[in-house]
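Heads up, the thing below is written out as structure tokens.
The values are calculated or read from the model by the stated rules, or taken from the named source; none is laboratory data. Being a predicted model, the structure only gives us computed values, none of them experimental. Quick reminder, even Gly has a Cβ in these numbers, built from the backbone with ideal geometry, and neighbours come from all protein chains shown.
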Amino acid sequence: MSFAYPWLLPVAVLVSAVAVAAYVQLHRRQAAALARSGLGVTGGSRGRLRRQLPVALFLAALLPLSLALTRPQATVGVPRVAGTVVLAVDVSNSMTADDVAPTRLGAAQRAAREFVQAQPETLDIGLVAFGQAALVVQAPTADRDAVVAAIDRLSTGGGTSLGTAILAALSTIVGQPVTLPADGEPAPDLGYWGSASIVVLSDGEETGGGVDTEAAAVLAAAAGVRIETVGVGTTGGARVEVDGYQLATALDERLLTAVAQVSGGTYHRPQDTEALHEVHRAVELRVTTRPEAVELTSLLAATALLLLIAGGLLMIRRHGRIV
């Protein structure tokens, strides 16, 4: 605990102590005077307590009232949704499929926009666009308009590598390039980023890229980064045209589920287009605590006021007025 005016602290304690001592001395003198005159105090100890209780409450109110003048502050941990979320949006050719309206990419963009707009200001949000390669199109920021504008600029092309997307998002979070270790090498120490999450919006169809997706998820988990995956598309699938060829494409829930589970996250399966739009309600964010200085002046003043009111009511009940 700290005080804005610490020099008033001994003054507050001294004033309270002097007031109590003065009352005790006055009470003793009154009792002695009554004894000398032959008038004893009647009613026993319980009666004396009832008579002294109102004044005791007044005196008790003096200490918190005096301490309030020092403006005390306490540091407490305030829970809040905070940290960093990196949205990784699949922009591969398969996202042009129209098994969800208007297309998989269009549905993912709408879900991403609604996710961004629903988050508290304490959260920084970044954006990674990935196909066979991955590109950070917006560094984590509290500027929601900038993130939404980056989402609106996304366009499709190329294959799909979820592992590359995870490594790009992880690099954005830790602030340095992240790669998978070669066989026999230890995993890199990325530190602990428990307040960071990656949200992947994809149909999960892996078409290459040379990066082990589940190994990338393990690396993220070791850094404390949870991965939430959102399926975009249907298991029934659709056909898309790529370079003049008709290709079948369908939602791969197995891979998306495995990636999420490895990192302690959850796979979110949209049953329909509307469910995809509401994904921001389903993704669990990290709640952290931030130390904040909370001023206790009002609490002390309120305590003193309650004591004064209680003492006044007891005195009015006994004497009909405050004396």
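Among the listed residues T235, T207, T229, identify the single one that is among the β-branched types (V, I, T) and buried (at least 23 other Cβ atoms within 10 Å of the Cβ). One residue alone meets the criteria, T229.
For the range 32-55, the count of residues that are assigned to a loop (DSSP other than H, G, I, E, B) and modelled with pLDDT of 80 or more is zero.
Taking the condition over 30 Å from the mean Cα position of the chain (by Cα), surrounded by 12 or more Cβ atoms within 10 Å (Cβ to Cβ) and either modelled with pLDDT of 85 or more or outside the structural domain of P120 (by TED's automatic domain parsing) (or both), does G311 pass?
Details: over 30 Å from the mean Cα position of the chain (by Cα): yes; surrounded by 12 or more Cβ atoms within 10 Å (Cβ to Cβ): yes; either modelled with pLDDT of 85 or more or outside the structural domain of P120 (by TED's automatic domain parsing) (or both): yes.
Against the criterion (over 30 Å from the mean Cα position of the chain (by Cα), surrounded by 12 or more Cβ atoms within 10 Å (Cβ to Cβ) and either modelled with pLDDT of 85 or more or outside the structural domain of P120 (by TED's automatic domain parsing) (or both)), G311 qualifies.
Scanning the range 130-146 for residues that are in contact (Cβ under 8 Å) with a residue 40 or more places away in the chain and either buried (at least 24 other Cβ atoms within 10 Å of the Cβ) or under 15 Å from T84 (Cα atoms) (or both) returns F130, A134, P140.
Checked against the criterion of being closer than 25 Å to E205 by Cα and under 20 Å from the mean Cα position of the chain (by Cα), the candidates V86, V137 yield just one match: V86.
Could you tell me which residue of the range 184-204 is farthest from G106 (Cα to Cα), considering only residues that are buried (at least 17 other Cβ atoms within 10 Å of the Cβ) and of a type outside the set (G, A, S)?
We begin by selecting, within the range 184-204, every residue buried (at least 17 other Cβ atoms within 10 Å of the Cβ); these are 190, 193, 195-204.
So of that shortlist, the ones also of a type outside the set (G, A, S) come out as 190, 193, 198-201, 203.
On the way: L190: 34, W193: 31, I198: 20, V199: 17, V200: 15, L201: 11, D203: 13 Å.
Among residues in the range 184-204 that are buried (at least 17 other Cβ atoms within 10 Å of the Cβ) and of a type outside the set (G, A, S), the one farthest from G106 (Cα to Cα) is L190.
In the range 1-30, the residues that are under 18 Å from L300 (Cβ atoms) reach residues that are modelled with pLDDT of 80 or more and among the charged types (D, E, K, R) with C-beta atoms within less than 9 angstrom, at least six apart or across chains, in these pairs: F3/R71; A4/R71; A4/E295; Y5/R71; L8/R71.
Against the numbered list (1) more than 23 Å from the chain's Cα centre (by Cα); (2) of a type outside the set (A, V, I, L, M); (3) buried (at least 17 other Cβ atoms within 10 Å of the Cβ), D124 comes up short only at (1).
The residue that is farthest from V136 (Cα to Cα), among those in the range 169-183 that are at pLDDT 90 or above, among the small types (G, A, S) and surrounded by fewer than 24 Cβ atoms within 10 Å (Cβ to Cβ), is G175. Only strands (runs of 3 or more DSSP E) whose full extent lies in the range 158-261 are considered here, and the ones with at least 1 residues that are without any contact (Cβ under 8 Å) to a residue 40 or more places away in the chain and touching a helix residue (DSSP H, G or I) at 6+ places or on another chain (Cβ under 7 Å) are 226-231. Taking the conditions exactly as written (modelled with pLDDT under 80 and not charged (D, E, K, R)), does V89 satisfy them or not? Criteria not met by V89. When the range 149-165 is filtered for residues that are modelled with pLDDT of 95 or more and either surrounded by fewer than 18 Cβ atoms within 10 Å (Cβ to Cβ) or touching a Ser or Thr at 6+ places or on another chain (Cβ under 7 Å) (or both), the ones remaining, listed by number, are A149, D152, R153.
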